[in-house]
Amino acid sequence: MALVLTDDQTMVRDSADGFFAAEAPVAELRRLRDANGGAGDATGFDRGLWAKMAEMGFAGVLVPEAHGGAGFGYVAAGLVQEAIGRNLSLSPLLSTAILAATALVRGGSPEQQARYLPQIASGERLFALAADEAARHDPHHVTTRAETSGNGFKLNGTKAFVLDGHVADTLIVAARTGGADDEAAGITLFLVDAKAPGVAVARRSMVDSRNAARVTLTDVQVDGADVLGAAGDGAAILDRVLDAGRACLAAEMLGVAGESFTRTVDYLKQREQFGVKIGTFQALQHRAAHLFCEVELARSATLRALVALDADEDRVPMFASLAKAKAGEVAKLSTDEGVQMHGGIGMTDDFDIGFFMKRARAARETFGDLAFHGDRLAMLMGY
Amino acid sequence: MADLETFRIETRAWLAANCPPEMRQSIAKDGDVVWGGRHADLTPPQRAWLDAMGAKGWTVPEWPKEYGGGGLSKDEAKVLVQEMRAIRARSPLASFGIWMLGPALLKYGNEEQKKEHLPKIARGEIRWCQGYSEPGAGSDLASLRTSAVVDGDDYIVNGQKVWTSYADKADWIFCLVRTDMAAPKHLGISFLLFDMASPGVSTSPIKLISGYSPFCQTFFDDVRVPRANLMGTAGKGWDIAKYLLTHEREMIGDLDDGRRSLSQIAVKALGEAGVAPLRSDIVRHEINALAFGLTMERVKDETKAGQGTGALSSMLKYYGTELNKQRQELLMSVGGSDSLAWSGTGEVDTSRHWLRSRANSIEGGTSEVQLNIIAKRVLQLPGA
């Protein structure tokens with residue numbers, strides 16, 4: 001498949017660009033962050049925006065048409081995420097429309113799909129993935145236990161870094177029904193009602209004004225019908241869910257990197273020192289030109305990962321890790337250069353460029369950083 | 001699509017019948033690369049393979065048939081490449097005529113020039129060299145001083161070129177000369193084609209840090225060149241020079257084609273003694289190399305779909321050459337003391353390729369010049 005957008009995908013890109021620039025620009029992030037006298041908005045995003053995103057088909061971007069979604073696919077989901085990255089828009093798209101939709105499409109029973117997928121597309125139910133337990137991403141390290149109890153399971157354990165956990169209606173929990181603590185085999189995914197007895201959710205606001213909860217499960221009773229996929233075989237679904245998240249995060253970071261770059265190049269053309277525009281200095285020109293190349297490389301790697309997901313290729317893990325690693329490094333470079341080239345004003349809270357650096361840092365950390373994905377790539381390539 | 005599938009089947013059968021077994025082995029030494037030309041010393045399989053491909057026009061698959069090309073569509077040419085790769089067929093001909101002059105001739109040459117030169121390039125009969133750089137005109141190429149003065153039906157050429165790749169082995173030269181000394185520097189330049197056997201042309205190889213001498217100094221002492229050999233318009237040679245440079249940059253940037261990835265080498269080398277920082281350096285390089293390869297692919301796909309982005313040749317040249325330098329550096333590290341070998345028994349190429357690669361970011365416009373071009377043409381920064 002060629003690495004170019006189809007006409008339909010170009011339409012999704014254009015409508016997403018227009019939508020997020022108008023409905024959820026960076027000023028909206030600032031407003032939500034500063035709400036409640038600086039404590040931040042209770043929800044962390046605007047539910048009105050999420051409803052509009054559902055109307056636009058963004059919430060159902062991965063939900064098949066048979067279940068009320070738009071069924072546009074991963075390349076389109078990536079384009080929506082890129083627009084979100086450019087505008088730093090706050091929404092539950094990643095947790096619900098990408099991670100949960102992928103989990104249900106890949107591993108859900110017909111009953112689960114019929115029940116939940118239309119609710120994702122309509123925006124009425126929010127999900128959160130409760131997988132990581134330690135501070136550094138390590139998806140197969142699962143100590144949360146699921147022991148058989150009655151006609152179902154009883155869950156015990158603690159999950160760190162549950163994105164959007166504080167607003168989720170349903171948690172997708174990775175728990176161990178067998179195997180050793182770091183083994184892929186024996187991991188099982190469960191759909192858990194966030195209001196169920198024994199579920200404690202502690203919201204934590206992060207540097208990028210997004211939320212990741214700590215979720216503690218104490219004797220949480222789950223019905224056998226709420227196992228997602230086959231018991232003990234959850235790792236394969238989880239890996240694909242994470243790879244979808246990684247590719248879409250790469251797309252978001254591409255948007256962050258691209259917008260930070262555009263704003264910085266514009267600044268080089270305006271700001272004057274020593275009586276000239278600072279963009280006339282070759283020391284800055286060469287760094288900007290290098291950054292241009294890096295953004296192009298990140299774009300190629302990201303698109304390839306999304307194409308691989310749409311075609312369900314064997315090399316999804318390799319391309320997802322490549323995209324996440326490369327886009328993360330480029331987002332770091334672009335936002336570091338963005339702050340540096342803006343000089344003092346770039347360090348001020350009143351100015352927006354710092355928001356891009358904060359989001360880049362959090363997105364790089366989410367679902368594996370360069371060290372994680374570099375290690376995974378080396379192993380996939382045989383060394 | 002059915003037509004393309006028929007083409008694939010026919011191509012596969014033709015290659016099976018016409019590609020000699022010796023031409024299906026990977027290139028091991030410099031002598032395995034066929035450059036063609038009047039003085040080419042080819043083995044019988046090399047000759048047979050070049051003649052067969054030349055007769056089909058498949059040395060230049062997308063050039064028009066009337067000029068010795070294959071007249072293939074982009075899709076057909078892609079099929080040909082795929083089928084050649086499938087049997088590990090070598091490229092029949094390496095040629096500056098194909099990579100650089102040909103595209104410029106097709107765009108700027110007159111009918112007589114196209115008919116005269118393109119078929120000979122396609123068949124590997126004439127080997128070309130590029131007369132661009134001069135001792136005083138490197139990154140500032142447009143300041144070149146080699147002069148061409150009209151004398152009746154001829155130009156009289158005087159001056160000196162440097163870094164002329166394989167000038168000592170070439171039959172003809174495409175050469176930038178100054179035809180108007182009074183004009184501003186970019187406007188007095190013309191593009192001349194002439195025979196290296198002309199009286200007054202001499203060459204002298206330059207020994208490099210790698211120990212090899214791929215480049216020459218080239219001297220012109222009252223060389224007579226027919227005015228009919230002027231390509232394009234007098235004084236407009238800089239436009240042709242720039243157009244041709246974009247092809248040269250793509251060629252230099254595309255160094256990784258068909259090579260073993262560093263990962264494959266790392267599998268072997270690190271299996272025995274894994275060193276964590278080296279493994280980490282290799283994988284970081286591979287991340288960039290893979291992303292760069294995908295960018296080449298995307299640029300080609302976008303060009304095909306009519307979505308070109310412009311000034312990309314500078315990006316590909318800059319990034320591709322810097323990556324190759326890094327790759328050669330890592331190959332030296334992976335090889336350890338073995339990679340230091342310079343002569344004697346065993347592998348001696350690693351050190352020489354490492355040294356040769358240092359030129360990648362200098363030749364065809366330095367990395368700094370490429371960054372200048374991106375800053376000016378793509379980012380439109382002031383004063384760039």
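Any read-out appearing in this document is the output of simple, stated calculations on the displayed coordinates, not a laboratory observation. These numbers come from a predicted model, not from an experiment. As a convention, Cβ positions derive from the backbone with ideal geometry for all residues, glycine included, and neighbour counts pool all protein chains shown.
Calculated translational diffusion coefficient of region A:128-233 (25 °C, 0.890 mPa s; Stokes-Einstein with Kirkwood radius over alpha-carbon pairs) equals 181 µm²/s. With q set to 0.10 Å⁻¹, the log10 of I(q)/I(0) for region B:128-235, from the Debye formula over equal scatterers at the Cα positions, is -0.26. Expressed as a whole percent, the proportion of Cα-Cα pairs in region B:254-378 lying more than 20 Å apart is 52%.
Translational diffusion coefficient, Stokes-Einstein: compute it for region B:1-130 using the Kirkwood radius over C-alpha pairs as Rh, at 37 °C and 0.692 mPa s, and state it as an integer in µm² s⁻¹.
D = 217 µm²/s.
Other protein chain C-beta atoms within 10 Å of residue C-beta, averaged over A:315-322: 1. A straight Cα-to-Cα reach below 20 Å connects B:LYS78 with the lysines B:LYS56, B:LYS65, B:LYS300, B:LYS304, residues fewer than 8 places away in its own chain not being considered.
What the phi angles of region A:201-210 give under the Karplus curve with 6.51, -1.76 and 1.60, with θ = phi - 60°, is a coupling list of 10, 10, 6, 10, 8, 9, 4, 9, 6, 9 Hz, glycine and proline written as x.
What the Cα atoms of chain A give is an Rg and a Dmax of 20.8, 78 Å.
Each of A:ALA250, A:GLY354, A:SER300 was scored by the projection of its Cα onto the charge dipole of region A:235-380, and the greatest displacement toward the positive side belongs to A:GLY354; charges sit on the C-beta of Lys, Arg, Asp and Glu. Hey, how many Å between the Cα centroid of region A:337-383 and the Cα centroid of region A:261-311? If you average the Cα positions of each part, the centres end up 15 Å apart.
Peptides A:13-19, B:2-8 ranked from most to least packed give A:13-19, B:2-8, packing being the mean of other C-beta atoms within 10 angstrom over each peptide's residues. Applying 1/(1 + (r/R0)^6) with r as the Cβ-Cβ distance of B:LYS65 and B:SER26 and R0 = 35 angstrom yields a FRET efficiency of 0.70. Find the percent of Cα-Cα distances in region A:152-200 that exceed 18 Å, and round it to a whole number. Above the 18 Å cut-off, region A:152-200 has 31 percent of its Cα pairs. Sorted from greatest to least, the principal axis extents spanned by the alpha carbons of the protein assembly as shown come out as 100, 66, 54 Å. The residue list B:GLY68, B:GLN82, B:TRP99 was ranked by how far each Cα lies along the charge dipole of region B:48-100 toward its positive end, using unit charges on Cβ atoms, and B:GLN82 comes out on top.
Here, region A:7-126 is characterised by an Rg to Rh ratio of 1.00, where Rg is the alpha-carbon radius of gyration and Rh the Kirkwood radius.
Starting from the exponent 0.38 and prefactor 2.2 Å, build the expected Rg for region A:230-305 from its residue count and divide its actual Cα Rg by it. List each step's numbers first, then the result.
Working: Rg = 19.1 Å, N = 76, 2.2 N^0.38 = 11.4 Å.
Output field value: 1.68.
Sorting the segments B:326-334, A:54-62, B:221-229, B:27-35 by their mean number of nearby beta carbons within 10 angstrom, highest to lowest, gives A:54-62, B:326-334, B:221-229, B:27-35.
What is the magnitude of the charge dipole of region A:235-380 about its Cα centre, with +1 placed on the Cβ of each Lys and Arg, -1 on the Cβ of each Asp and Glu, and no other charges, expressed in debye to the nearest 20?
260 debye
Could you please tell me the mean projected area of the C-alpha convex hull for chain B, averaged over all directions and given in square nanometres to one decimal?
Taking the Cα atoms of chain B, their convex hull projects to 21.5 nm² on average.
Partner aspartates and glutamates whose Cα lies under 15 Å from the Cα of B:LYS207, excluding those fewer than 8 positions away in the same chain, are identified as B:ASP168.
Given +1 at the Cβ of Lys and Arg, -1 at the Cβ of Asp and Glu and no other charges, the dipole of the protein assembly as shown around its Cα centre is 1100 debye to the nearest 20. Build a GNM of chain B with springs between Cα atoms under 10 Å apart, and of B:ALA104, B:ALA17, B:ALA48 the one that fluctuates most is B:ALA17. This model, with +1 at the C-beta of Lys and Arg and -1 at the C-beta of Asp and Glu, gives region B:74-133 a dipole about its Cα centre of some 240 debye. The mean count of C-beta atoms from other chains within 10 Å of the C-beta of residues in B:297-305, rounded to a whole number, is 4. Between A:ALA371 and A:ALA185, the simple spin-label model (points 7 angstrom out along Cα→Cβ) gives 3.0 nm.
The lysines whose alpha-carbon is closer than 30 Å to the alpha-carbon of A:LYS269, local same-chain residues fewer than 8 away aside, are A:LYS277, A:LYS326, A:LYS332, A:LYS358, B:LYS185, B:LYS242, B:LYS317, B:LYS376.
May I ask for the equivalent-ellipsoid semi-axes of region B:286-333, computed as the square root of five times each C-alpha gyration tensor eigenvalue and listed largest first in whole Å?
Result for region B:286-333: semi-axes of 25, 11, 5 Å.
Taking packing as the residue-averaged number of other Cβ atoms within 10 angstrom, the listed peptides A:121-131, A:1-11 run from highest to lowest as A:121-131, A:1-11.
Amide H contacts under 5 Å for B:VAL34: B:ALA94, restricted to partners 5 or more places along the chain or on a different chain, H placed in the peptide plane at 1.01 Å from N. Against chain B, whose longest principal axis is taken from its Cα atoms, helix B:237-253 shows a tilt of about 10°. Counts of other chain beta carbons within 10 angstrom of each beta carbon in peptide B:369-379 average 5.
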